[in-house]
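The values are calculated or read from the model by the stated rules, or taken from the named source; none is laboratory data. In this text the structure is predicted, and so the values were computed from the model without any measurement. A quick note on method: Cβ atoms are made from the backbone with ideal geometry, for glycine too, and the neighbour counts reach across all protein chains shown. Accessible surface is based on the protein model in full, side chains and every heavy atom, while ligands, DNA and RNA are left aside. Shrake-Rupley method; radii C 1.70, N 1.55, O 1.52, S 1.80 Å.
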Amino acid sequence: MGRESFWTTDPDEHLRVGKGFVLADQPTDAVYGFDGGKRQGAKALAEGAGLVAELQEQLFAAGSVGDRRRVLLVLQAMDTAGKGGIVSHVVGAMNPGGVHYAGFKKPTEVELKHDFLWRVERETPMAGQVGVFDRSHYEDVLIGRVRNLAPADEIERRYDAINDFEKALAGDGTTIVKVMLHLSADEQKERLADRLDRPDKHWKYNPADVDERLLWDDYQAAYQVMIERTSTEYAPWHVVPADRKWYARLAVQHLLIDALERLDLDWPRATYDVEKEKKRLAAS
């Protein structure tokens, strides 16, 4: 059974944000378009890993001969939603030499002296690369809004600045895949409890996670506004149900494969006489 046989329909029609989108109406435990459970999901993910790795290598090869195109995966979510698992199990299938990973933490003193996009612009992927933003410029309109880290008019300015930034990236050959991992509050509570119950996961737990959790409704409202203001034709948002980790990983892999396949990639043609080189090599 091949990878595609597990999919009954393309999940993009359910995951991609459209007009009238309401985050509160989106399920967090759906398995859109997938015919199977966790075991079948693991098999499909493993089979898809080979395809995404080959497509990424073709992109990297194209970049080495002057193709300007690249792909940027943007991951945003509440704590414990599974961003790290996406990076490990989906992005991890690719050759790290062709991947540019950036995880954005709390801004440093130097970064705070610049516009909020300054540090982000420095981490965009180069030609031929797949870039990954594990958290991103959207932190500045999420926690920035919820925690009042910037004036309201500045937050409003940032939405337009983000759209302009992403439009420029798209115009320069970047295919942008934006994913919000949509987790339920109950599932987050279970995952945080699991971290406290297991000594091997204590390092993942941060007491501040509970402080943020107490602002759950405020964050959901901030995500709603963020999606409304920044889901565009050139950089649409995809909201992926994240209560089932296996499905979230599979759905993001599917979105990446789709983005790479739409580039219609192929191996660069040799700039030398292949048959002549075969003879030269044989005689050497």
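Numerical summary
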quantity	calculated
Segment 28-37 - phi-based ³J(HN,Hα) in whole Hz, Karplus 6.51/-1.76/1.60, Gly and Pro as x	9, 10, 6, 10, 3, x, 10, 9, x, x
Max mean-square fluctuation residue, GNM over the chain, Cα-Cα springs under 10 Å, options Gly84, Gly66, Gly128	Gly66
Antiparallel content of DSSP bridges confined to the chain, in %, to 5	10
Estimated translational D of the chain in µm²/s (Stokes, Kirkwood radius over Cα pairs; 20 °C; 1.002 mPa s)	106
Helix-derived mean residue ellipticity, 222 nm - over the chain, DSSP H n ≥ 4, -39500 (n - 2.57), to 500	-14500 deg cm²/dmol
As computed over segment 177-222, the Cα convex hull volume per residue (Å³)	97
Segment 145-250 - convex hull of alpha carbons, volume per residue in Å³	139
Solvent exposure, largest accessible area first (probe 1.4 Å, DNA, RNA and ligands not counted), of Ser284, Ser231, Ser64	Ser284, Ser64, Ser231
Zone residues, segment 133-169, relative to Thr108, backbone N less than 20 Å from point 7 Å out along Cα-to-Cβ	133-140
Net lengthening on full extension, Tyr234/Glu156 (0.36 nm per residue, minus Cα-Cα)	26.1 nm
Cut-off under 5 Å, modelled amide H: who pairs with Ile176 long-range	Leu72
Amide H partners (placed H, <5 Å) of Tyr101, local residues excluded	Val132
Stretchable slack from Glu261 to Arg147, in nm (0.36 nm times residue separation minus alpha-carbon distance)	37.1 nm
Of Lys38/Lys201; Lys105/Lys167; Lys113/Lys204; Lys38/Lys245, pairs whose Cα-Cα distance is over 20 Å	Lys38/Lys201; Lys105/Lys167; Lys113/Lys204
C-alpha long axis of helix 216-230 to longest principal axis of the chain, angle in °	50
Net lengthening on full extension, Asn163/Ala61 (0.36 nm per residue, minus Cα-Cα)	33.8 nm
Accessible-area value, Asp115, 1.4 Å probe, nucleic acids and ligands omitted, Å²	70
Where labels lie 7 Å past Cα in the beta-carbon direction, separation of Asp186 and Asn206 in nm	2.7
Cβ-Cβ FRET estimate between Glu54 and Trp118, R0 fixed at 35 Å, reported to 0.05	0.50
Rel. contact order, % - alpha carbon contacts under 8 angstrom, at least six apart, segment 149-267	40
Pair Trp7, Lys19: separation of 7 Å Cα→Cβ label points (nm)	2.6
Segment 133-150 - phi-based ³J(HN,Hα) in whole Hz, Karplus 6.51/-1.76/1.60, Gly and Pro as x	9, 8, 6, 6, 4, 6, 4, 6, 10, 10, 5, x, 6, 5, 8, 6, 7, 8
Relative contact order [Cα under 8 Å, 6+ residues apart], the chain, whole percent	31
Surface accessible to a 1.4 Å probe, Arg158 within the full protein complex, Å²	30
Virtual spin-label span in nm between Asp35 and Asp218, 7 Å along Cα→Cβ	4.7
Over segment 19-125, relative contact order from alpha-carbon pairs under 8 Å, at least 6 apart, %	30
Accessible area (Å², per residue) of segment 105-149, counting only protein heavy atoms and a probe of 1.4 Å	56
Calculated from backbone phi, Karplus (6.51, -1.76, 1.60) coupling profile of segment 65-72 in Hz, x at Gly/Pro	10, x, 5, 7, 6, 7, 10, 10
